[in-house]
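What follows is one structure encoded as structure tokens, with my remarks underneath.
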Amino acid sequence: MTDETVFTRIVAGDLPSETIYADGTASAFLDANPVAPGHTLVVPNSPYRRLQEMPPEEASALLSTLYELVPAIERAVGADATTIVLNNGPEAGQEVAHVHWHVIPRFDDDGTLVEYHSLLEDGLDESERASIADAIRDEL
Ligand code: 5GP
């Protein structure tokens, strides 16, 4: 484990975020640079670098959280589907050394997202982010 990451600071409340879910082992918040409205990160509260470093029960709990959140996120933003990915190690494109599932809402005809092609050319402003986070929380 690393001692501190940007995500442990979010989980601790030391960095602002649109947190949509938190329990004793996992948290979820909107990605700061979303590739689609509702792009959410689901993380263990502890800063495991890679999936295989996690105790199996914590990995299972993380998957259970993902299982609960995905339909709520889809409903909240009216998505047709979701792309769910975990970049597991720096060579796979992992920039933050703290396990995180990306949940990326997908829409009919939105093209390919394999290379994280941005659907949001102009990004989202703070009030748009807040209202998306509210909508997801309302669906939980
Ligand atoms: P990775 O490339 O490691 O799979 O993805 C890291 C993700 O973390 C990126 O999508 C990036 O936008 C997001 N991210 C990095 N720093 C922050 C932050 O301070 N707050 C939030 N909410 N997301 C962040």
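The values are calculated or read from the model by the stated rules, or taken from the named source; none is laboratory data. Please read these numbers as outputs of a predicted model, since none were measured by experiment. Positions of Cβ are generated from backbone atoms using ideal geometry, with glycine treated the same way; all protein chains shown enter the neighbour counts.
Here is how the numbers come out for the structure above:
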{"read-out": "Residue ID - farthest from the ligand (Cβ to nearest atom), chosen from residues in the range 30-39 that are touching a residue at least 24 places away in the same chain (Cβ under 8 Å) and either hydrophobic (A, V, I, L, M, F, W, C) or in a strand (DSSP E or B) (or both)", "value": "ALA36"}
{"read-out": "Which listed residue is closer than 15 Å to ALA26 by Cα and surrounded by fewer than 18 Cβ atoms within 10 Å (Cβ to Cβ), from PRO55, PRO71, PRO90", "value": "PRO55"}
{"read-out": "ALA97, sole failed condition from (1) touching a helix residue (DSSP H, G or I) at 6+ places or on another chain (Cβ under 7 Å); (2) modelled with pLDDT of 95 or more; (3) not basic (Lys, Arg)", "value": "(1)"}
{"read-out": "Test: ASP108 is of a type outside the set (Phe, Trp, Tyr) and modelled with pLDDT under 90", "value": "yes"}
{"read-out": "For VAL103: the one exception among (1) at pLDDT 95 or above; (2) part of a loop (DSSP other than H, G, I, E, B)", "value": "(2)"}
{"read-out": "Any chance ALA36 is farther than 22 Å from ASP3 by Cα, of a type in the set (A, V, I, L, M, F, W, C), modelled with pLDDT under 95 and surrounded by 13 or more Cβ atoms within 10 Å (Cβ to Cβ)", "value": "yes"}
{"read-out": "Every pair of residues 6+ apart whose Cβ atoms lie under 7 Å, when the first sits in the range 84-112 and is under 23 Å from GLU4 (Cα atoms) and of a type in the set (Gly, Ala, Ser) while the second is modelled with pLDDT under 95 and more than 11 Å from the ligand (Cβ to nearest atom)", "value": "ALA97/THR2"}
{"read-out": "Subset of the range 68-88 [over 21 Å from VAL11 (Cβ atoms) and either in contact with a Gly (Cβ under 7 Å, 6 or more places away or on another chain) or not in a helix (DSSP H, G or I) (or both)]", "value": "ALA76, VAL77, GLY78, ALA79, ASP80, ALA81, THR82, THR83"}
{"read-out": "Filter result (over 12 Å from ILE104 (Cα atoms) and β-branched (Val, Ile, Thr)) within the range 39-92", "value": "VAL43, THR65"}
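Here is a yes/no grid of residues against (1) of a type in the set (A, V, I, L, M, F, W, C); (2) within 22 Å of ASP134 (Cα to Cα); (3) part of a loop (DSSP other than H, G, I, E, B); (4) within 11 Å of the ligand (Cβ to nearest atom):
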| residue | (1), (2), (3), (4) |
| --- | --- |
| GLY13 | no, yes, yes, no |
| SER17 | no, yes, yes, yes |
| GLN52 | no, no, no, no |
| SER60 | no, no, no, no |
| LEU66 | yes, yes, no, no |
| VAL99 | yes, no, yes, yes |
